[in-house]
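Asks: Quick one: structure below, then a few questions.
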Amino acid sequence: MDFDCNKAGESSAKHCSSICNEGTLIQGNTLTHCGKAKKWNSLNKLNNPESSHGSLPRVNDPKEDGETGNDATASECSIMCFTDLPSALVCEVLARLDPKGLGVVSCVSTVLQTLATDHQGWKKFYCERWGLPNAPIGSLVPGGTPDGRSWKALFVDREFQSRSFMGRFSVDVLRGHNEDVRTVYLLAAANLIFTGGHDSVVRMWNMEEGLLIDESRPFGCTIRAIAADSRLLVTGGSKAFIQCWRAIEGASHLFHISGNGTNQNSEFRLWGHEGPVTCLSLDSTRIYSGSWDMTVRVWDRAEMKCVQKFMHADWVLALAPHGNTVASTAGRDAYVWDIGSGELTTIISNAHVGNAYSVARTHLAGVLFTGGEDGAIRLFDVSEISDDENIKPAATWLPHSGPVHSLAFEYPWLVSASSDGRIALIDLRKILTPLNSSKRRFRVKPFDPSTVEPPQRMLHGFGCYLFSVGIGADRIICGGEDGSVRVWNFSEALEIEKKAQALRSLRQENRMRRRKAQVEMNANGRRVDHCSVAMKRNPLKGDKSVTWQIKRPISDKVKS
């Protein structure tokens, strides 16, 4: 069927049925009551053997136009707008768009702006990149956001923050620990930072002000792992138990880890491991813990009991859950376990030369990152179940000269901390590409491993071992052997960049104006007034009595 594009209000009598928006009318040929098309110029042209195959249209006879015009005038035109389609069909069309496309559609008309802004696709985009946001204590409207804003607003703000890590920053140093800081955790939703180390004390800091809010009593063991959300705080150390604090409703800082004047039921312990607890993680229904007893345990948050245990062949050094699976590292190998069935789905043998100290996962796809004793960071695609133990890394980075002790991921940045005292930032937007499939939205882009770009940024200058790193919102935090916690603040990076860009644009505009004025002067045959230029460079400040000195020497002989 032939389509013609006309402006609204200029519908042709020949082509009546259409689908349109507010600004554009897309019309197509309609059928008469006999079920035949009124005019099939292109079809007749193709079926007529005597007609030429040139690109110019055939000129119709005025009599034929008059006869066909009567039939066209007699028919009725039916105009249907895109938004008049069934709501399920409209939502299905919008669901096929990416964030950029959905944003463009919202600029077409006010009706489409409302549909695109309230579309649930923004929730899917947000959760694919950053997961569900931490919900506050209390009831939450089903399908709503924690702070009541739209999912589009949350997505735009988070995407805006992710661009700030290449800009300028300020560094704050938090001092309070007497010995090494072995673990740090950033809870950006509550503006809180949790730290622990060899001094056996857990400390809670204000992220914005950098002030110490509360600290726990000494537990008599090294604190090696911390994890938290808006409802629960868990820590683990070398005494094989997991210390837990429940959030207190109405409290200004969620947790009272000192225990002074609070309900004793808000603090409890989980026992089960037979060795030091080295790693912890949380999701909405489970607690994950790894230990030197070569096990990863899964705890039910409602009943606070162990519901699953995974055995390894070496000490468990790191873990990272994702959906219904959990990844872990033990020795130099990496594992992926199915929580429901308790089976091992993927094993990566010899992931590193030496121990694999750290692991991180994304919300996008079955992508696994590992950091090891060899100073390398490797990316593995574990989206498919495989019995092959010799899985090759899809990408490898070598930004460090020492072991990589910690990894943290927040789309699109992968952050690593090493014993060489440096932090590496790797942008993964070029590696993870979107798919059109509704089941699997992202995949690892095929590329030559030898062409992997180096880290986009390196933060250094510590001069000490770094044991832990965290990233969230527009902050990066790390802890090391000097007992201090450093916080990189990128909150003003984009504002500074905007001001610098505006200043550069203003200077460029001034240069263009001066150049244009010079060209016009030369075109008019006028010479540049060097005296006026000199006066601008050396203003007299209103003193007209000053005489200009002539650089040429005056001769004693005066011509008569």
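The values are calculated or read from the model by the stated rules, or taken from the named source; none is laboratory data. Just so you know, these numbers come straight off a predicted model, no measurement behind them. Note that each Cβ is placed from the backbone with ideal geometry, even for glycine, and that neighbours are counted across all protein chains shown. The protein model used for the area step is the full one, side chains on, heavy atoms only, and it has no ligands, DNA or RNA in it. Shrake-Rupley method; radii C 1.70, N 1.55, O 1.52, S 1.80 Å.
Asks: Kindly write out, for the range 284-301 in residue order, the coupling ³J(HN,Hα) from the Karplus curve 6.51 cos²θ - 1.76 cosθ + 1.60 (θ = phi - 60°), rounded to whole Hz, with x marking Gly and Pro.
Replies: 5, 10, 9, 10, 10, 9, x, 8, 6, 7, 6, 10, 10, 10, 10, 10, 7, 6
Asks: So if each residue of separation counts as 0.36 nm, and I subtract the Cα-Cα distance between Lys499 and Val452, what length gain in nm does that give?
Replies: 13.6 nm
Asks: Multiplying the sequence separation of Ser491 and Lys239 by 0.36 nm and subtracting their Cα-Cα distance, what value in nm do you get?
Replies: Contour length minus the Cα-Cα distance gives 86.9 nm.
Asks: Here's a follow-up. If the chain between Arg269 and Glu128 were fully stretched, how many nm would it gain, using 0.36 nm times the residue separation less the Cα-Cα distance?
Replies: Values: separation 141, 0.36 × 141 = 50.76 nm, distance 3.31 nm.
Difference between extended and current length: 47.5 nm.
Asks: Just from the alpha-carbon atoms, what are the Rg and Dmax of the range 254-350 in angstroms?
Replies: 14.7, 51
Asks: In Å, the Kirkwood hydrodynamic radius of the range 290-342 over pairs of distinct alpha carbons?
Replies: On the way: mean 1/r = 0.0892 Å⁻¹.
Hydrodynamic radius (Kirkwood, Cα pairs) of the range 290-342 is 11.2 Å.
Asks: Still on this structure, please answer the following. Give me the distance in nm between label points sitting 7 Å out from Cα along the Cα-to-Cβ direction at Ser341 and Met512, one decimal.
Replies: 6.3 nm
Asks: Still on this structure, please answer the following. Hey, can you rank 377-384, 405-412 by average C-beta count inside 10 Å, highest first?
Replies: 405-412, 377-384
Asks: Which percent of the accessible heavy-atom area of the range 252-364 goes to carbon and sulfur, probe 1.4 angstrom?
Replies: Numbers: 2240 of 4770 Å².
The computed percentage sits at 47.
Asks: State the percentage of accessible surface on the range 457-500 attributable to carbon and sulfur atoms; use a 1.4 Å probe and exclude ligands, DNA and RNA. Intermediate results must be reported in sequence, preceding the final value.
Replies: Numbers: 760 of 1680 Å².
Ligands and nucleic acids excluded, carbon and sulfur reach 45 percent.
Asks: Still on this structure, I have one more. What distance in nm separates the simple spin-label points at Arg96 and Ala302, each placed 7 Å from Cα in the Cβ direction?
Replies: About 4.0 nm separates the two model spin labels.
Asks: Per 5 Å bin from zero, what fraction in whole % of the C-alpha pairs of the range 305-419 is there, up to the bin with the longest pair?
Replies: Going out from 0 Å in 5 Å bins, the range 305-419 shows 2, 12, 24, 26, 20, 10, 4, 1, 0 percent.
Asks: What's the ranking of 96-107, 193-204 by average number of surrounding C-beta atoms within 10 Å, highest first? Intermediate values should be presented prior to the final figure.
Replies: Values: 96-107: 14.6, 193-204: 23.6.
Sorting 96-107, 193-204 by mean packing, highest first, produces 193-204, 96-107.
Asks: So for each of 513-519, 292-298 I average, over its residues, the number of other beta carbons within 10 Å; can you give me the resulting order with the highest mean first?
Replies: Averaged packing, sorted descending, gives the order 292-298, 513-519.
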